[in-house]
1. At a 1.4 Å probe, what is the % contribution of carbon and sulfur to the accessible area of the chain?
2. Test of understanding: what is the full-extension gain from residue 10 to residue 54, defined as 0.36 nm times their sequence separation minus their Cα-Cα distance?
3. If one computes P(r) from the Cα atoms of the chain, what percent of pairs lie at distances over 13 Å?
4. Accessible area per residue for the chain in Å², computed with a 1.4 Å probe and the full protein assembly in place, what is it?
Amino acid sequence: MRLIRISLTIFGLLLAFIGLVWIGQGSGYFPYPASSFMINQSPWMLRGAIVAIIGLATIFLARRLIR
């Protein structure tokens with residue numbers, strides 16, 4: 001069970017990080033790479049927020065429910 005909890009926590013952290021990057025690119029605050037199709041595109045801000053929330057929920061569930 002401990003391995004599952006650690007794995008889900010790492011997976012949740014990765015999802016949260018990816019979501020934050022998508023939010024940054026969609027809003028134009030993180031314009032890297034310069035030729036990215038995601039820069040200044042508001043749908044990517046919404047998708048990033050959803051992915052980040054899923055990542056945080058995964059972390060919460062892994063830490064709280066799996067013991």
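The values are calculated or read from the model by the stated rules, or taken from the named source; none is laboratory data. None of these values were measured; they are calculated from a predicted model. For the accessible areas, the whole protein counts, side chains as well, though only heavy atoms, and no ligand, DNA or RNA atoms are used. Shrake-Rupley method; radii C 1.70, N 1.55, O 1.52, S 1.80 Å.
1. On the way: 3610 of 4910 Å².
Its accessible area is 74 percent carbon and sulfur atoms.
2. Numbers: separation 44, 0.36 × 44 = 15.84 nm, distance 1.29 nm.
14.6 nm is the gain from fully extending residue 10 to residue 54.
3. 61
4. Averaged over the residues of the chain, the accessible area is 73 Å².
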